[in-house]
Amino acid sequence: MAGVILRRLAGAVPVLLIVSLITFGMMRLIPGDPSSVIGGLSATPAQLAQIRADLGLDEPFFLQMLKWYTALAHGDLGRSILLGQDVVGATLQRLPVTLALSAYALVITVVFGLCSGVFAALRQNTVIDQLAMMFAMLGISVPNFFLGLLMIILFAVRLGWLPTGGYIAFTDDPVGWLRTSTMPAISLALLQVGLLARITRSTMLEVLRQDYIRTARAKGLPRRVVVMKHALANALIPITTVVGIIVSLLISGSVVTETLFSIPGMGQLLTQAVLNRDYPMVQGGLLLTTAFLVMINIAVDACYALLDPRVRYESP
Amino acid sequence: MSLLEVRDLTTAFKTERGEVTAVEDISFDLDEGEILGIVGESGSGKSVTALTIMGLLPQPPARVVRGSVHFAGELLTGMSETRLERIRGAGISMVFQEPMTSLNPVLTIGEQIMETVRAHEAISVRDQRLRAIEMLDRVGIPSAVRRLGDYPHQMSGGQRQRVMIAMALACRPRLLIADEPTTALDVTIQAQVLDLLMDLRDELGMAIMIITHNMGVIAETADRVLVMYAGRIVEQAPVARLFDRPLHPYTRGLLDCVPTLEQDRNRLVAIPGSLPEPARRPAGCRFAPRCGHRIDACSAAIPPLVAVDASHASACIRTDILA
């Protein structure tokens, strides 16, 4: 088990390398550079050239790249041009916000998606099943920013129950966190709830047809045990794979939601960094986010082995 | 009173083309300690009969149209699911054809045996474990204690079928329904599993209903045989009598299909034609289109199962002439 995880970690290195290469190249391909942002509209060409020289942007492309990777090898991701803060520090400040939001959305996804999927499967082809699947389809079809806007209009503007935006950290004020995070988390989760509900339903239907379910019933086990223990334990194996993908989607999907609800998370940080051509911030922030996503994927694979004994024993 | 009394049992399935009757007017008794063989081609309704008795058919699409099943004096047909759960696994157990897919792949075999005991008896986890070990021992799984924590994929097909039997017998049922218990196994393992079932019958005194399409299995194990064709019982007799003096042309056809050493080695005997689909069963005797002895009267009405003596009955209008 530990060997498998170590191997997967080693396998992540090329992934990170490729991601950083692409980020580095792409940022240089977009027109404009940090000098125009720092210098402003009134800057003279001479001033711009001076700024570029200060930032080392006048050096050849490959030299810049070599310098960046050399620094990376020493654990230095540089400083954000815009914030003046070092990249790791800025990321560590913002990433927890995104993670808390994504975790909240994940809880909503798993609770509602899993429950409605299981429920729909048990009531296959009834009104309950059709209603659940209709809502799932609705969740998949409605763009999450649109739902977010509707919620802001209703709950924040009209009813005044929740703030329109902003963010309070959980550690500062748990209730405040709930008040600021609930609408963003719901709008972030809705699509995934629909996705998970549909996949859970079809997986459960598939599992409930299996011979071992008939065996469990033939043993006289109560229906509750047959469904929750025998069927769900098997259905969770493919569902876990999907949940792993959903986690990545939630984290990357938070960009739009954070912008909409003015939440100072990773998504907002990176969007600002890209718009302002904050090269070090984009490169470093994306690299760290990717590293985090890779680790989540490895964790999901580890869960997979816990759920499925056949996988567990095949590993050397 | 017999342990199991089945009367006029008729089960139908809802399909896109309307309701189709799968088994019709099945009546038989099964006594304590008796081994009843049910034989017939695939699709003749053997498994549907067994699953109807167990109440394991999903309803809908399945529906018990008429008839009754009494087990130890209790009416099973129409019984609530909760009460049926108490009988399944404790009073009547079932072993299925496919040992490779009939065990839950993510639970240990120990847990799968123990949970059966847990569902029916108020005993401690320690005692559940002891029972599981005892059952595994009894069905001939070596080093049972060590294997409790094994998963199904770590065992061979024969071992899994033994585990299935251990699981089915964990609560000492009075009736074991074995649906093609050896069909998926190697020939050598088949004989072992059949021997095991017979030993357990002698030891525990339970009744066994063994469902098979294999006449050899019937000859080896059964006390009494029901022959089914296209959803109906066509002949019923004690096993020796059936092999000696089969009355129904279908039974004769089945017995002729069993290859012998004397016959021409290049030819296998087969009954011409094939089993009609449930929705397209012919009028009158369902075997008539494939029968070499058919006369016009065969297609007029479904021939009833008529007793020729106390233990032997056949559903053929020409029994007197052909016998």
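The values are calculated or read from the model by the stated rules, or taken from the named source; none is laboratory data. None of these values were measured; they are calculated from a predicted model. Cβ placement follows ideal geometry from the backbone for every residue including glycine, while neighbour counts extend to all protein chains displayed.
Quick one: would you say A:Leu162 is of a type outside the set (Phe, Trp, Tyr), surrounded by 15 or more Cβ atoms within 10 Å (Cβ to Cβ), at negative phi and outside any helix (DSSP H, G or I)?
yes
Please find, within segment A:210-235, the residue that is farthest from B:Val163 (Cα to Cα) out of those that are basic (Lys, Arg) and facing another protein chain (nearest Cβ under 10 Å).
So, considering only residues that are basic (Lys, Arg) and facing another protein chain (nearest Cβ under 10 Å), the one farthest from B:Val163 (Cα to Cα) is A:Arg223.
Just one of A:Leu101, A:Leu55, A:Leu162 is of a type outside the set (Val, Ile, Thr) and at pLDDT 85 or above; which is it?
Residue meeting the stated conditions: A:Leu101.
Regarding segment A:166-180, can at least one residue be identified that is under 19 Å from A:Leu95 (Cα atoms), assigned to a helix (DSSP H, G or I) and of a type in the set (S, T, N, Q)?
Checking segment A:166-180: at least one residue is under 19 Å from A:Leu95 (Cα atoms), assigned to a helix (DSSP H, G or I) and of a type in the set (S, T, N, Q).
I'm trying to understand the selection: among the residues of segment A:244-261, which are closer than 14 Å to A:Met183 by Cα, buried (at least 19 other Cβ atoms within 10 Å of the Cβ) and of a type outside the set (Asp, Glu)?
Selection gives A:Ser254, A:Thr257, A:Leu260, A:Phe261.
Condition check ((1) more than 12 Å from chain A (Cβ to nearest Cβ); (2) closer than 19 Å to B:Ile210 by Cβ; (3) touching a residue at least 12 places away in the same chain (Cβ under 8 Å); (4) touching a helix residue (DSSP H, G or I) at 6+ places or on another chain (Cβ under 9 Å)) across all residues:
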| residue | (1), (2), (3), (4) |
| --- | --- |
| B:Arg126 | yes, no, no, no |
| B:Arg131 | yes, no, yes, yes |
| B:Ile141 | yes, no, yes, yes |
| B:Arg147 | yes, no, yes, yes |
| B:Pro152 | no, no, yes, yes |
| B:Ala168 | no, yes, yes, yes |
| B:Arg172 | yes, yes, yes, yes |
| B:Ile177 | no, yes, yes, yes |
| B:Ala184 | no, yes, yes, yes |
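Have a look at A:Ala231, A:Ala218, A:Ala235 and point out the one that is aliphatic (A, V, I, L, M), crowded, with 18+ Cβ neighbours inside 10 Å and in contact with a Gly (Cβ under 7 Å, 6 or more places away or on another chain).
Only one candidate qualifies: A:Ala218.
Would you confirm, using the coordinates I've provided, whether A:Thr200 is within 13 Å of chain B (Cβ to nearest Cβ) and surrounded by 20 or more Cβ atoms within 10 Å (Cβ to Cβ)?
no
Just to check your reading of the model, which residue among B:Met135, B:Met79 is buried (at least 22 other Cβ atoms within 10 Å of the Cβ), under 24 Å from the mean Cα position of the chain (by Cα), away from every other protein chain (no Cβ under 12 Å) and free of Cβ contacts under 8 Å to residues at least 40 places away in the same chain?
Criteria check complete, one pass: B:Met135.
Within segment B:43-84, count every residue that is basic (Lys, Arg) and either closer than 19 Å to B:Ile210 by Cα or part of a loop (DSSP other than H, G, I, E, B) (or both).
Residues flagged as basic (Lys, Arg) and either closer than 19 Å to B:Ile210 by Cα or part of a loop (DSSP other than H, G, I, E, B) (or both) within segment B:43-84 amount to 1.
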